[in-house]
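Scroll down for the structure; my scribbles are underneath it.
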Amino acid sequence: MSADSGRVGARWSSIAARTAVVVAVLAGWEYLSASGSLDASSFPSMTDTMAELARQLVSADLWTALWHTVRGWATGLAIGASLAVLVGTLLGLNRFAYLSVIPVVEFLKTVPVIAILPLAIVVWGATLQMKVFLVAFGVFWPLTIQVIYGVRAVDPVVRDTAVVLRLRGVRRFVGVTLPSAAPFIATGLRVAAAVGLILTIIAELIGGAKGLGLSILTTVNAGPQRLPATYALILVTGVAGVVVTSAFARLERRVLHWHESQRNLAPTGV
Amino acid sequence: MAGPDPSVAAAKRAGEPVLSVRTLAKAYDAGTSREKLAIAEVSFDVARGEFVCVVGPSGAGKTTLLRCLSGLLGPTSGEVRFEGTPLRAVPDRLSVVFQDYSRSLFPWLTVNRNVAVPLRVAGVGKQQREARIQEVLHAVRLGDVGRSYPWQLSGGMQQRVAIARALAQQPDMLLMDEPFASVDAQTRFDLEDLILEVRRELDITVVLVTHDIDEAVYLADRIVVLTGAPSRVQEIVDVPLERPRTQLGTRSSEAFGRLRRHLMELVTTSS
Ligand SMILES: Nc1ncnc2c1ncn2[C@@H]1O[C@H](COP(=O)(O)OP(=O)(O)OP(=O)(O)O)[C@@H](O)[C@H]1O
Ligand SMILES: [Mg+2]
């Protein structure tokens, strides 16, 4: 009881502390622009930006742009992640395939996705497909490697136990290999989700596909009086990033509640 | 139920052994520059219903031996026969309890689901499965923990779950690798008595590996004493202590002391 109320208390004080920091940063921003330390032609005041943000939040344009961004991101992530889990599992389970293919995977992982952006633009133009391809490609390689390591990381005692319990084939894969690999896959997914969002915005900014990235570019091109809108949109992308990361962290905590790193943090759901 | 009648035990021993180990040798990384001989030459038999302990110093190759006996590891030379046929894989009527319960129990499954694994594999129906789970959890004296996760339990309780899961396989023979090495003394006594009871009730053959001489004397019908690595059989010692055994009575008996002393001599001279 007292331990519980202590935990609730700690939670409230951490929320209070974070709120205070946010307020302090916003106040500092306002102070700096009011005092003239921030050049008004490239850095609008906090209040102007917030007023613009409030206007944007009730306009359909922002929500349409957000929808385009989310759709491209989610589709690309889903495709890239599914392929990565499939390919990573096959490579992880087959030593020969692993040894043959791993140099290529390692190499392609290091190719900066930005380097293939022009190619994607040439092939697909400023379209959803271009965005989806870029995200799927960027997410696929690092996640594949993560899945391979996860599948190969089954503890030797767990492996012996599976043999002794006569777990074979699909039952063994679903019951032992996947749960053992899950912590690796979850970390990979969390990172992939964040990287995927960045790639989506880049595809829109540079490739010109519809979405938050393109909206930012449009407001920049519209001249200095649209500057608060630029900053408001940048804030929105930041918030989107935070939402995505914390959503995946929550998911991880739920699914991996049994894992050493997550124990006693979440309700077990039993 | 009283302990096994000595004349019956003798008759069983006269019959065909359940497990027969013949000039077993095991080298790791055989044929490479890192070749490491873990077992030099080990031979012994285990009769049906017998409780055999294998003792040896740390690093003697006990775990290696147990993995060879279970079919998890193939021998470099020599042979292991289970119920008359040479081992190729882990036989159906054999189960293993590993030393490290925190790794051998699946942390992503509740206790009930851990115990259910071998039952699902065997295709046991849902209702029968639940009955069996209750039965084996009761056999290891575990109360209402089925819905907990193994890591929410104490070490002693976790090892009970591991034993319950092994029993759910309805094995003829149970192999155990230092099963009580990482629990406190009191829990250890409880678990030793538990395994003796289970073995008597279910009439299974047990081979238990340990580095603890007292434990071996308390549990076993016979003790296979190994030398240090690479291991050989130093001596096979009969333990004619009467059953049922009790921690206080048996351990304070004169016969126990004599056996213990004999084994101490063997182990200290071997190293
Ligand atoms: N996978 C392996 N590869 C190479 N050498 C190994 C391997 N496993 C064990 N060994 C070696 O074989 C020898 C016997 O190891 P083993 O684990 O069987 O000993 P043990 O008697 O079980 O020891 P402990 O009492 O510490 O559990 C040791 O010298 C060890 O270094
Ligand atoms: Mg060992």
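Assorted remarks:
- Taking the centroid of alpha carbons for each part, the stretch A:213-242 and the stretch B:155-194 are 64 Å apart.
- Here the stretch A:44-255 is treated with +1 on each Lys and Arg Cβ and -1 on each Asp and Glu Cβ, and its dipole about the Cα centre works out to around 820 debye.
- Cα lying deepest toward the dipole's positive end in the stretch A:44-255, options A:214, A:182, A:76, charges on Cβ: A:182
- Alpha-carbon centroids, the stretch B:214-260 and the stretch A:143-170: separation in whole Å: 38 Å
- Cβ-Cβ FRET estimate between residue B:23 and residue B:186, R0 fixed at 56 Å, reported to 0.05: 0.85
- Since only B:237, B:210, B:175 are under comparison, the one whose Cα sits farthest along the positive direction of the charge dipole of the stretch B:87-237, derived from C-beta charges on Lys, Arg, Asp and Glu, is B:175.
- Positive-end residue of B:269, A:42, A:154, charge dipole of the protein assembly as shown with Cβ unit charges: A:42
- Here chain B carries DSSP beta bridges of which approximately 50% are antiparallel, counting only pairs with both residues inside.
- Cα Rg over Rh - the stretch B:3-162, Kirkwood: 1.02
- Other-chain or far-sequence residues with amide H under 5 Å of residue B:97's (modelled H): B:175, B:176, B:177
- Estimated dipole of the stretch B:166-235 in Debye, rounded to 20 [Cβ of Lys and Arg +1, of Asp and Glu -1, Cα centre]: 280 debye
- The relative contact order of the stretch B:97-249 comes to 22 percent, based on Cα pairs under 8 Å that sit 6 or more residues apart.
- Using just its DSSP H runs of length 4 or more, each adding -39500 (n - 2.57), chain B gives a mean residue ellipticity at 222 nm of -12000 deg cm²/dmol after division by all residues.
- Karplus-derived 3J(HN,Hα) values for the stretch A:110-116, using 6.51 cos²θ - 1.76 cosθ + 1.60 with θ = phi - 60°, are 7, 5, x, 4, 4, 5, 9 Hz; glycine and proline are entered as x.
- Shielding of B:87-99 by partner chains, average beta-carbon count, 10 Å: 2
- Cα shape, the stretch A:1-145, gyration tensor, a/c 1.5 rule: oblate
- For chain B, relative contact order (Cα pairs under 8 Å, six or more residues apart, normalised by length) works out to 25 percent.
- Centre-to-centre separation between the Cα atoms of the stretch A:33-104 and those of the stretch B:52-121: 49 Å.
- Sequence of A:109, A:131, B:26 once ranked by neighbouring C-beta atoms within 10 Å, starting from the fewest: A:109, B:26, A:131
- Relative counts (whole %) of C-alpha pair distances in the stretch A:44-255, using bins that are 10 Å wide: 9, 28, 28, 19, 10, 5, 1, 0
- In the protein assembly as shown, lysine pairs closer than 19 Å at Cα, eight or more apart or cross-chain: 5
- Mean separation of Cα contacts under 8 Å (6+ apart) over length of the stretch B:13-163, as relative contact order %: 21 percent
- Theoretical FRET efficiency, 1/(1+(r/R0)^6), r = Cβ-Cβ of residue A:222 and residue A:83, R0 45 Å, to 0.05: 0.70
- Taking 0.36 nm per residue of separation and subtracting the Cα-Cα distance, full extension of the segment from residue B:134 to residue B:79 would add 16.0 nm.
- Each DSSP beta bridge with both residues in the protein assembly as shown is either parallel or antiparallel, and the antiparallel ones are about 50%.
Readers should treat all values here as calculations from the given coordinates under stated rules, not as data from a laboratory. Remember, it's a predicted structure, so these values are computed and weren't measured experimentally. Please note: Cβ atoms are built from the backbone with ideal geometry, for glycine as well, and neighbour counts cover all protein chains shown.
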